[in-house]
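The values are calculated or read from the model by the stated rules, or taken from the named source; none is laboratory data. Bear in mind that the values here come from a model prediction, so they are computed numbers and not experimental data. All Cβ positions, even for glycine, are placed from backbone atoms using ideal geometry, and neighbour counts span all protein chains on display.
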Amino acid sequence: GVKGPQSRYNNEPIPQNPNIRRFVFEYAQNYDEFLGTLIANGITASGVKTTMAAFDLHIVGSVVSYEGWKISPSLIQRILDWPVPSSVSEVRSFLGLAG
C-alpha cells in the first residue's frame, strides 16, 4: 500500500495553492508514484477493493491508523469470550484465533 507522509506539518499549505495542505499534496504524489509503478509493471488493481484514504483500516484483527497499529477490540473480545478448551482440537482452534 501507499504510506501517508511522516508528518502533517501542522496543516501547512503548499506554496502553489493555500487551499491544499502539504500532507495531502505529498500523499497524492506518493499515490501517483504507486499507480505509475503498477502500470509500468502491468499490474491491475480492483477499484472496488481499493481504499485511497482513510482515518483507519481494519485488517486481519488489527486496526491501522496514523498513530500506528493496535489489536482490534472485537478480536480482543472474541479471545476473552472464548470457552476453556477441553480437547487438542479446541486448543488448536483457539491458537489459530489468538495467533
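Quick notes
- Counted residues, segment 27-84 - those being among the basic types (Lys, Arg) and in contact with a helix residue (DSSP H, G or I) (Cβ under 9 Å, 6 or more places away or on another chain): 1
- Residue match in segment 82-92 (condition: surrounded by 11 or more Cβ atoms within 10 Å (Cβ to Cβ), among the aliphatic types (A, V, I, L, M) and not assigned by TED's automatic domain parsing to the domain that holds Phe34): yes
- The lone criterion from (1) more than 21 Å from the chain's Cα centre (by Cα); (2) in a loop (DSSP other than H, G, I, E, B) left unmet by Glu90 is number (2).
- All strands (runs of 3 or more DSSP E) inside segment 1-87 with 1 or more residues being within 30 Å of Ala98 (Cα to Cα): 56-59, 62-65, 68-71
- Selected residue (only one of Gly42, Gly61 is within 16 Å of the chain's Cα centre (by Cα) and on the phi > 0 side of the Ramachandran plot): Gly61
- Filtering segment 61-99 to residues that are under 20 Å from Thr51 (Cβ atoms), of a type in the set (Ser, Thr, Tyr) and without any contact (Cβ under 8 Å) to a residue 60 or more places away in the chain leaves Ser62, Ser65, Ser72, Ser74.
- Single match in Ile43, Ile79, Ile39 (criterion: surrounded by 12 or more Cβ atoms within 10 Å (Cβ to Cβ) and among the β-branched types (Val, Ile, Thr)): Ile79
- Residue check for Gly96: modelled with pLDDT of 85 or more and either exposed (fewer than 10 other Cβ atoms within 10 Å of the Cβ) or part of a strand (DSSP E or B) (or both): yes
- Unmet requirement for Gly61, which otherwise passes all of (1) surrounded by 10 or more Cβ atoms within 10 Å (Cβ to Cβ); (2) within 30 Å of Tyr9 (Cα to Cα); (3) among the small types (Gly, Ala, Ser): (2)
- Test for Val60: is it in the same structural domain as Gly96 (by TED's automatic domain parsing) and aliphatic (A, V, I, L, M): yes
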